[in-house]
Every structure is written in structure tokens, then in C-alpha cells.
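K.L.:
Before we start, here is the structure in question, set down as C-alpha cells.
The values are calculated or read from the model by the stated rules, or taken from the named source; none is laboratory data. Only a predicted model underlies this, so the values are computations on that prediction, with no experimental measurement involved. Counting neighbours? That spans all protein chains shown, and the Cβs are built from the backbone with ideal geometry, glycine included. Accessible surface areas use protein heavy atoms only, side chains included; no ligands, DNA or RNA. Shrake-Rupley method; radii C 1.70, N 1.55, O 1.52, S 1.80 Å.
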Amino acid sequence: MNLLQQLMEKPWLTEDNTVVELRDGRTFALSREKLGLRVFLVVVMVVFSLMMAAYIERKVFSDWHSVPLPWLLWLNTVILVFSSLAMHRAWISARRTEIDGVRVWLYAGGFFALVFLIGQLLAWWELVASGYYAAVDPANAFFFMLTALHGVHLIGGLVAWWRTMAKVTRGCGVVLVRISVELCTVYWHFLLLIWLALFALMLFT
Amino acid sequence: MVDAVQDQDDFVPPAEVAEMELYHPKSWLTKYVFSQDAKVIAIQYSFTAIAIGLVALVLSWMMRLQLGFPETFSFIEAEDYYQFITMHGMIMVIYLLTALFLGGFGNYLIPLMVGARDMVFPYVNMLSYWIYLAAVLVLLASFFVPGGPTGAGWTLYPPQAILPGTPGSEGGIVLMLVSLALFIVGFTMGGLNYVVTVLQARTRGMTLMRLPLTIWGIFMATVLALLAFPALFVGAVMMTFDSLLGTSFFMPAISQFGEQLKYGGGSPILFQHLFWFFGHPEVYIVALPAFGIVSDLISVHARRHIFGYRLMVWAIVIIGALSFIVWAHHMYVSGMNPYFGFFFATTTLIIAIPTAIKVYNWVLTLWRGNIQLTVPMLFAIGFIVTFVNGGITGLFLGNVVVDVPLSDTMFVVAHFHMVMGVAPIMVVFGAIYHWFPKMTGRLMNVPMGQFHFWVTFVGAYAIFLPLHYLGFLGVPRRYYAMLDTGFIPESAQDLNAFVTVVVLIVGAAQMLFLYNIAVSMIKGKKSGPNPWRATSLEWQTPQTPPGHGNFGPTLPVVYRWAYAYGLPDATEDYVPQNLAPDQLMSDYDNSGLSHSAAQAAE
Ligand code: HEM
Ligand SMILES: [Cu+2]
């Protein structure tokens, strides 16, 4: 369907002869859940974009002191990539209706996500231990806030992951969990992209 | 043509998205309290919004008592006054108007008008209401914490918002920010529903260009809200950290009472940008549903198709898009680069073009229409007049050189009350009088409604025209008392006293309105399914008020747009959207045989 074409219709013209041909309501060829998730991702993207814009706006002033990023963040990034890849494998298995594959790869994806979160906490701890408190400098505050916000979104994803996992272990058929697995995977990839953007932003100072 | 009627079934392609399964409540609690039915959620939203709105109304009386008769009411201290203006503004804009238009009217009208059984994610929709209620309760709680609610002004500008000296800096400001964050989370849940329902759950035949303009207005406002509220969310989160954790996102190095505070390095202007990046779209989040609803009201009650439907849709879309690039017209006096001011003045004035198109189209719809001066029509006309008024003062303020002396005066207060206070509230009233029969099966009392309209309409002008004048004189906004101010004549005080008296009268008229609602709900005249002889789907439901699932066993099929009014040779002067062409034909053949809308729905 073509949005522009739909907006160019003239519903009143055929009105002259009072009978109008029948057409269906023409929706986007997407399921409700997928469209809902996409709209949500747009909203989340706006939130992160605004925070990054605020970060950049602040960074241009000369009194900006960057945070020395802990090396652990590199490792965490790799782990998050693993997590995303595992979710992707789960999705592929779901499409091939291999429920065992779904289970294994879902576990892997959730596990790596948890490891990532713990890794982030360790990175925080390292910063705090060397005196980079949030209240000391705006750069520190931005670091904590951006990572925290990303973490919170991942935790939200883990809740969805948990519910999908519950369905799988309850023995729901692969057809029933397919859509949940797909939504989780899309969300995971999205959060990976957000993280890469955040990390790059904080790296190139 | 005749062929099309005969093999009608072949002609209707199957829906692209399968019909969804409806959730059926199993107990009283899930039916009326934790309900997933959009109609019940709509009523919950509306009652909560109106209840908190009444609090804001009372606060406005207190403010006016102080302004009209300073030194008379010893119980209103300066701190109280600041708290009143802040809570009044925030409640009216966000917790009343936004919640009522989107959570209230949106929930009630979207499924009914697009021909769906319910919202697409009913469970999330239910959560949306309960989170909104939590936000309202947190907001109310701030009245009861030490120090009281915040008095920072509804714009909550840092650094003053979180520094000692501003009322409510102890706890009120944090509760306000938390409440806003909750509101936004709850709204996002509802907003996902409104958008996806309009896009994916329209019944067969309901193309985008057959949607009633009400739906277009609510849809576009929701899109704006989904994109604009994140800015407020980000601002609220960052300010909460500043206030609780001592970070310095918005706080510059600052000393108070000769003492250097722990803050340093933040940017207060950053908050202003975030706030107005939300704040300006917010005014259209309130205005666009009003635009849409008023278009339908005048079309139905003037028995005429809306003039320039497609242009109306485009104007809504363009206004929505433009509203994201004008925000800094609220910051002309913040010391920004003059070229910025030039840019934002230009974009601001450009918005006037699609807005003016809408006004022309409303007037042209009324022109030669068969105007029925029903109560909803009165309010619709009241809206158009008032909106034009406020729009014109907006053009004044949009020019930097005019704005600089007028900024932060009563003139700004008059501008935004005309355009965003009085005008949308007129639509809220008109819409309630219009859809009340669908929601309850009864009509509202007309003489009481007319009285309510005239007092409100004339009263609004008696209140806000003087405020424009006071603004020209230089009376600043947000001042507790003027004391001796040389450049303001003594007589300004008489004007202020007059305004306060009118405010109390208009306030009393609103009580009559609430009384009218209560009495009509029980004793009002039975309205039948379609008292206004309207075409859109919500009037064609088999039951009034609509039952669970809205439309009996099968969903309606839509054959035309929603504006088939004033047809010269139809037996009735309107054709419902879902009346099949073959039925229409037989009508023509034996003219005289009239079909009622209720029959058509079956
Ligand atoms: C042609 C259209 C409009 C123009 C050119 C315009 C322009 C402006 C300008 C320049 C200001 C800033 C004044 C100042 O603070 O010095 C302002 C304030 C305001 N406008 Fe408008 N406006 C328009 C329409 C609207 C509409 C449709 C609404 C709401 C439905 C609205 C609501 C407000 C509010 C709430 C404020 C004051 C916010 C505050 O400072 O607390 N305006 N307008
Ligand atoms: Cu504005």
C-alpha cells in the first residue's frame, strides 16, 4: 500500500451518484504487534536522540572534561553483540519451527544480556572507585545517565524475554512463540544499535 | 454501477489484517474497574481528568481573588500564589486537556468511528489509565508534603525550580517531575493504541480519506505527543537527578545568600530548549483534536459536507509537522542569537497559513449551510471566533520586536488562554453535548446548555480582553502583587477586580454544567440511537450506549465518507457511512420510504 496514494483520494467525487465502489480499509501489511513495536521504537529513539543532543550541546563548551571510559566497556560491547546474535539465531530457529533451537538460543541471548548488565555495573563501580561521581562533573553525570537509561531499556527487554521463555518452557508450540521471539529480536538489535551510538558518542570526544 | 452492487461480495477484498479476538470480562471488577474496554477506559479517563481539572479551577479562583483584591485575603501568601499558578497551569494543560482529548475522547471515539471492536492492545490500554491515575495521585500528594507543591511556574525553569527559596523545592518539585514522567509513560501506552488502531483496525471500506476529521485530529495529535513528550521526559529525568543526586545537567555555578552551592557547569538554557521542544507541540496536541472535533460538529449541525476535506487533512498534517520547528519563539528573551530569532519568527508565521486555511474552510462550511443552533453548534462557533482571536495575538507575539516588550506580561497570558484555554474547552463542551446521547442514551437539557454557553462565552471575553489591555500597559505575569508601580495607572486595579468577579460568575456556570450532566444522565429525554442524524459509524451501532464489541455480530462495511449531508434528493438529508448502495437505490426507487439509521445498522 502506498500512503501518499491513499492521501490523494477524493472520497467526495463519486458522491455525485451516491454509490461508491467498495474497497477494503487498506491497512499496512504488518501485524498489530509489529507495528506497535515499531511505533514504540520510534519513541525510544526520540528519547535517546534528545539525550545525545543534550550531551553534544554541553560538550562543545571549553570546560568539558571527558570521562576516561573503562576498558571493560569494550568487552561489554562484544557481549552485547553476542546477545543480539543469539537472539537472531533463536528467531531463525523459530522460523524453521525448531523449538529446541529456539529454547537454546533464547537462553543464550538472555544470558549474554545479563552478563552485559553486570559488566556495566562493574564499569560503574570502577569509575566510582576512582572518584568519578555523578555529582562532580556534568560529563560523569551524562555517562551514568546514558548507560543507566540504556540498561533500564534492556531490563524491560528481559521482562519480555522472560515471558517468551515461560511460553517456551510451558510447551507452547513454536508457531505461538514465533511472534514473541521476533519482537524480542528486533528490540535486541535496536538496543544494540543504540548502545553502539552511545558508545561511539562517548568515545569520540 | 449496477454490477458493482450485484456481486458486492467479490468486490470487497478480504481484510489484510485478521479481525482480532475480543477480550471478555469475567467479573464485575474486570468489567467496570480493571476494564479493558476502551469505552469504560474513556469514561475513567474523563472523570479523572475533570476531577483534577476542578482542582485547577478552584486554584484559578484563588489566584484571581489575590489579583482582584490584594491585601484582602490574608490566607493567600506569596508562596501560595506561586504554587497556585504552577499547579493550575500544569494541571489544565496536561492532566486535564491532554488526558481528556486523547485518553477520553480518543478512547471513546477511535474504535467506534473507525469501525473496530476495541483498541488493538486492550491490556496496555488499561495499564495506560492506571498509570495516569497514579500520576494524578502523585501530583495531588505534592500538596501534602512539607513545603507543599512546587511554585516554579508551569515551565519549571531551572535553576530556580530546584533552589531553596522557590516554594516546593523540598519535595514538591520532585513529585511534580515524577508525576510528569509517569504521565508520559502512561500516555505512551495509550498512544501506541491510538496510532495502531487507526492504522490497522479500520473496518473494511474505511480508507484513510474516509475517516472523520475527528479521528484525523486525534491521530495526528497522538503522533505529535509520542514524539514531543520524550523531550519533557528527558528534561524531567535530568532535573530529578539535579535535584536528588546533586548532578549539574541544568545547574550553573551559583551562589545563594553569599554561599557557593555545590552545583556547577550545567546549562539552564538546555532545559528551556527541551521544555519548549515539547511545549510548543503540546499546544497543538490540544488544538488538533479540537480542530477535528469542531469540523465534525459544524458539518453535522449545519447539515453540510465539510468544505475542502482533503485540504483539512493536509492542514492537520502540515501543522503537526511545522509545530516541531517553532519552539524557540518562546525563548526570544533568553538571549539567543538574533539569526535564530529570525528563523523561528519565520517558521512561526508560516504556521499561520495552514491554520488560516482551516478557519476559512470552517466558515465556508457554515456558509449556505442549514445552520441548526443546537448547543454543540453554539460551542463550535464560539471556538472558531475565539481561536481566530487568539491566533491573531499569536502573530503579534511571533515577531521578535513585538514580543520582547510583551513577553512575560499579561498579554501572553491572554494569548494562550484564548487559543489554548478557552477555545479547546469550548470544543470539549460542544463535544460533550454532542456525544452525551451516544454515551448515555439521553439528551442534555437544552435551556441549561444555552445558558451555560452564553455565560461561558461572554464571560471568557470579559475576562481575557482586559488582560490583553493590562499586558499592553505592562502588567507582568506571575506577580503576586503590584504594590507601587509608577507606570501602571490606578484604574488597572479596578479592571482586575472586575475580571475577578466575572471569573467567579463563569465558574458558577460550570457548576450548572456539571449539574446538567448529572440530571440528564438520570432524567434526560431519551435520545434514540442517532438524535443528530449523523453519518459516522458511532451513531449506527445496534445498541445505544454501544455494547461490548461495539457493532453486533458483524462489523459495518463503509461505502462513503462521513460527510454525506444535505443531499437534495435523498429522503433523509444524510446517508450513513455504512448504508449499502443497494439499500440506497431501493430508497430512490420508492422515494417516500425512509430508512432509519437504526435499521441501516442491521
Ligand atoms: C498562529 C499561531 C500562533 C502563534 C504565531 C503563536 C505565537 C506565540 C508566541 C511567540 C508565544 C511566546 C510569547 C512569550 O512568551 O513572550 C506564545 C505563547 C504561547 N502560546 Fe502561542 N502562538 C500561536 C498559536 C498558539 C496555539 C494554537 C496555542 C494553543 C493551543 C498556543 C499556546 C501558547 C501558550 C500556552 C503560550 C505561553 C506559554 C508560556 O509562556 O507559559 N499558541 N505563542
Ligand atoms: Cu509556541
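K.L.:
Would you mind working out the magnitude of the charge dipole of the range B:416-559 relative to its Cα centre, with +1 at each Lys and Arg C-beta and -1 at each Asp and Glu C-beta, to the nearest 20 Debye? Don't skip to the answer; put the middle values down first.
P.N.:
Details: 8 positive and 4 negative charges, 149 e Å.
The calculation lands at about 720 debye.
K.L.:
Calculate log10 I(q)/I(0) of the range B:30-206 for q = 0.08, 0.14, 0.16, 0.20 Å⁻¹, where I(q) comes from the Debye formula with a single equal point scatterer on each Cα and nothing for solvent.
P.N.:
The Cα Debye sum returns log10 ratios of -0.30, -0.75, -0.89, -1.18.
K.L.:
Let me ask something else. Gaussian network model of chain A, Cα springs within a sub-10 Å range: biggest mean-square fluctuation belongs to which of A:R96, A:R170, A:R178?
P.N.:
Checking each option, the largest mean-square fluctuation is seen for A:R170.
K.L.:
Running Debye on the range A:81-192 with equal point scatterers at the Cα sites and no solvent, what base-10 log of I(q)/I(0) appears at q = 0.10, 0.20, 0.22 Å⁻¹?
P.N.:
Results for the range A:81-192 at q = 0.10, 0.20, 0.22 Å⁻¹ read -0.35, -0.93, -1.07.
K.L.:
With angles folded into 0 to 90 degrees, how steeply does helix B:38-68 sit against the dominant principal axis of chain B? Use alpha carbons for both and round to 10.
P.N.:
Taking Cα atoms only, the helix is inclined about 40 degrees.
K.L.:
Which distance in nm do the two modelled labels at A:W71 and B:F144 give, with both placed 7 Å along the Cα-to-Cβ direction?
P.N.:
Label-label distance for A:W71 and B:F144, simple model: 5.5 nm.
K.L.:
Here's another thing I want to ask about it. Considering only protein heavy atoms and a 1.4 Å probe, what is the carbon-and-sulfur percentage of the accessible area of chain B?
P.N.:
Details: 15440 of 22540 Å².
Carbon with sulfur: 68 percent of the solvent-accessible area.
K.L.:
Using a 7 Å offset from the Cα along the Cα-to-Cβ direction at both B:F34 and B:E490, what is the distance between the two label points in nm, to one decimal?
P.N.:
It works out to 6.7 nm between the two label points.
K.L.:
What are the extents of the Cα atoms of the range B:376-443 along their three principal axes, listed from largest to smallest and rounded to whole Å?
P.N.:
So the extents along the principal axes, rounded to whole Å, are 53, 17, 12.
K.L.:
Further question on the same structure: Work from the charge dipole of the protein assembly as shown (Cβ charges, +1 for Lys and Arg, -1 for Asp and Glu, about the Cα centre) and give the residue of B:I41, B:F75, B:G471 farthest towards its positive end.
P.N.:
B:I41
K.L.:
Would you mind telling me which residue in A:W64, A:W195, A:W124 has the biggest mean-square fluctuation in a Gaussian network model of chain A, where springs connect alpha carbons within a distance under 10 angstrom?
P.N.:
Residue with maximal mean-square fluctuation among A:W64, A:W195, A:W124: A:W64.
K.L.:
Give me, ordered by chain and number, the residues 5 or more places off B:Y565 or on other chains with an amide H under 5 Å from its own placed amide H.
P.N.:
Amide H neighbours of B:Y565, under 5 Å, 5+ apart: B:H305.
K.L.:
Tell me, what is the Rg over Rh of chain A, with Rh the Kirkwood radius over Cα pairs? Display every interim value, and only then the final one.
P.N.:
Numbers: Rg = 22.4 Å, Rh = 19.8 Å.
With Rg and the Kirkwood Rh in hand, the quotient comes to 1.13.
K.L.:
Which whole-number percent is the relative contact order of the range A:71-204 (Cα, under 8 Å, 6+ apart)?
P.N.:
Details: 121 pairs, mean separation 44.4, N = 134.
Computed value for the range A:71-204: 33 percent relative contact order.
K.L.:
Per residue, how large is the accessible surface of the range B:30-206? Use a 1.4 angstrom probe and give square angstrom. Intermediate results must be reported in sequence, preceding the final value.
P.N.:
Working: 5050 Å² over 177 residues.
Per-residue value: 29 Å².
K.L.:
Given a 1.4 angstrom probe, I'd like the percentage of the accessible area of chain A that is carbon and sulfur, rounded to a whole number. Write down the numbers at each step before the final one.
P.N.:
Values: 6990 of 9950 Å².
Ligands and nucleic acids excluded, carbon and sulfur reach 70 percent.
K.L.:
For chain B, what are the per-bin percents of Cα-Cα distances with bins 10 Å wide, up to the bin holding the maximum?
P.N.:
Over chain B, the share of Cα pairs per 10 Å bin runs 3, 16, 27, 27, 16, 8, 3, 1, 0, 0 percent.
K.L.:
Compute the helix-to-body angle for A:99-129: its Cα long axis versus the longest principal axis of chain A, expressed 0 to 90° and rounded to tens.
P.N.:
Relative to chain A, helix A:99-129 is tipped by roughly 40 degrees.
K.L.:
Could you point to the residue in A:L127, A:T169, A:L85 farthest towards the positive end of chain A's charge dipole, with +1 and -1 charges on the Cβ of Lys/Arg and Asp/Glu respectively?
P.N.:
The listed residue farthest towards the positive side: A:T169.
K.L.:
Which of these, A:A135, A:A86, A:A108, has the largest mean-square fluctuation under a Gaussian network model of chain A (Cα springs below 10 Å)?
P.N.:
A:A135
K.L.:
Amide H of B:R442: which non-local residues (sequence gap of 5 or more, or other chain) have their own amide H closer than 5 Å, using H built in the peptide plane?
P.N.:
For B:R442, whose amide H was placed from the backbone, the distant partners under 5 Å are B:S527.
K.L.:
Quick one: check the C-alpha center-to-center distance for the range B:205-260 versus the range A:96-167, whole angstrom.
P.N.:
25
K.L.:
Of B:V412, B:W276, A:V152, which is farthest towards the positive pole of the protein assembly as shown's charge dipole, taken about the Cα centre with +1 and -1 on the beta-carbons of Lys, Arg and Asp, Glu respectively?
P.N.:
A:V152
K.L.:
In sequence order, what are the phi-derived ³J(HN,Hα) couplings for the range B:383-399 according to the Karplus relation 6.51 cos²θ - 1.76 cosθ + 1.60 with θ = phi - 60°, rounded to whole Hz, with x for glycine and proline?
P.N.:
Each residue's phi maps through the Karplus curve to give 4, 4, 4, 5, 5, 4, 3, x, x, 5, 5, x, 5, 4, 5, x, 8 Hz.
K.L.:
At 1.4 Å probe size, what's the solvent-accessible area of B:E79? Round to the nearest 10 Å².
P.N.:
B:E79 exposes around 100 Å² with every protein chain in place.
K.L.:
Turning to a different aspect of this structure: Quick one: dipole size for the protein assembly as shown, taken about the Cα centre, charges +1 on Lys/Arg Cβ and -1 on Asp/Glu Cβ, in debye to the nearest 20. Write out the running numbers ahead of the final one.
P.N.:
Numbers: 39 positive and 44 negative charges, 227 e Å.
Using only the charged Cβ atoms, the result is roughly 1100 debye.
K.L.:
Going by alpha carbons, how many degrees (0 to 90, nearest 10) lie between the helix axis of B:309-322 and the longest principal axis of chain B?
P.N.:
Taking the Cα atoms of chain B, the angle to B:309-322 is about 30 degrees.
K.L.:
Let me check the size of the protein assembly as shown from its C-alpha atoms; what are the radius of gyration and Dmax in Å?
P.N.:
Taking only Cα atoms of the protein assembly as shown, I get Rg and Dmax of 28.0, 90 Å.
K.L.:
With θ set to phi - 60°, apply the Karplus curve 6.51 cos²θ - 1.76 cosθ + 1.60 along the range A:164-177 and write out the HN-Hα couplings as whole Hz, x wherever there is a Gly or Pro.
P.N.:
Computed from phi, the couplings for the range A:164-177 are 5, 4, 4, 4, 5, 6, 5, x, 5, x, 5, 5, 6, 8 Hz.
K.L.:
Please compute the contact order of chain B in relative form: average sequence separation of alpha-carbon pairs under 8 Å and at least six residues apart, divided by the residue count, as a percent. Spell out each step's value before the answer.
P.N.:
Working: 958 pairs, mean separation 86.8, N = 602.
The value is 14 percent.
K.L.:
Further, regarding this structure: Could you size up the charge dipole of the range A:71-204 around its Cα centre, putting +1 on the beta carbon of Lys and Arg and -1 on that of Asp and Glu, and report it in debye to the nearest 20?
P.N.:
Working: 8 positive and 5 negative charges, 129 e Å.
I would put it at about 620 debye.
K.L.:
Related question: At 7 Å along Cα-to-Cβ for each site, give me the label-to-label distance between B:Q260 and B:L473 in nm.
P.N.:
About 4.7 nm separates the two model spin labels.
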